[in-house]
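Here is the structure we will look at, set down as structure tokens.
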Amino acid sequence: MRWRDLIAFLAAVSPSSIALAADDVSEVVEVFQRTCLAQSSSFDAIASAAAAEGWKPLPEGDFERLAPLEHLDSSSGWIAADRALPDPVVIGVTKARRDGRPVETCTVAFMKVPIEPFLNEFSDSTNAEKLSEEPEGTWTSRLYMLIAGDRKQFVKLKYARSPDGSGPMAASSIAER
């Protein structure tokens, strides 16, 4: 994964980088939950929603830089606007393999969110169990497991903090197909 590209990539597709107020964090978490953790979240369902909502497709292969897994079978990504957020987000889905099993991933990438409030709101609003936390240079990666809808999912939160406590974040779900 080339997460160091996230800042440059999101800055290119979302030129305004308005920091969200801590009060808006619940809406950011809700966008991730609604998009990637809902029972109907799947590669095909999100691709259909992208077409119906008029999300702008990313150029072929661009989303792969943000995908939570490598060795993808297929991927699609879009720039999407959500009424709850001041800036567009990148939403992407993949089909891949994890430990030999077919999985689908869904990612919502945010340009700038208050990191600690997001992590707290995510923990408070889900039954997620934190499995690991690993520093990766200036980035931190957290892996969680939770049951959402009727399926077990892994959630990977990858983020970088800026001096003001906010920063870019990619929130991804990984679920068996």
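Odds and ends about this structure:
- Within segment 114-162, the residues that satisfy the criterion of being outside any strand (DSSP E or B), among the acidic types (Asp, Glu), touching a residue at least 24 places away in the same chain (Cβ under 8 Å) and surrounded by fewer than 16 Cβ atoms within 10 Å (Cβ to Cβ) are Glu116, Asp150.
- Boolean, Pro68 is touching a helix residue (DSSP H, G or I) at 6+ places or on another chain (Cβ under 7 Å), surrounded by 14 or more Cβ atoms within 10 Å (Cβ to Cβ), touching a residue at least 60 places away in the same chain (Cβ under 8 Å) and of a type outside the set (Val, Ile, Thr): no
- Restricting attention to segment 12-30, the residues being modelled with pLDDT of 50 or more and either surrounded by fewer than 20 Cβ atoms within 10 Å (Cβ to Cβ) or over 29 Å from Asn127 (Cβ atoms) (or both) number 6.
- The one condition in (1) within 22 Å of Phe63 (Cβ to Cβ); (2) crowded, with 22+ Cβ neighbours inside 10 Å; (3) at pLDDT 90 or above that Met111 fails to fulfil: (3)
- Failed condition for Gly165, given (1) more than 18 Å from Glu70 (Cα to Cα); (2) buried (at least 23 other Cβ atoms within 10 Å of the Cβ); (3) not aromatic (Phe, Trp, Tyr): (2)
- Residue match in segment 42-62 (condition: modelled with pLDDT under 90, touching a strand residue (DSSP E or B) at 6+ places or on another chain (Cβ under 7 Å) and aliphatic (A, V, I, L, M)): no
- When segment 145-176 is filtered for residues that are touching a helix residue (DSSP H, G or I) at 6+ places or on another chain (Cβ under 8 Å) and of a type outside the set (A, V, I, L, M), the ones remaining, listed by number, are Gly149, Gln153, Lys158, Tyr159, Arg161, Gly165, Ser166, Gly167, Pro168, Ser172, Ser173.
- Members of segment 163-177 found to be touching a residue at least 60 places away in the same chain (Cβ under 8 Å) and more than 22 Å from Leu72 (Cβ to Cβ), listed by number: Asp164, Ser166
The values are calculated or read from the model by the stated rules, or taken from the named source; none is laboratory data. Note that the structure is predicted; figures quoted are calculated from it, not measured. Glycine gets a Cβ as well: all are built from the backbone with ideal geometry, and neighbour counts include every protein chain shown.
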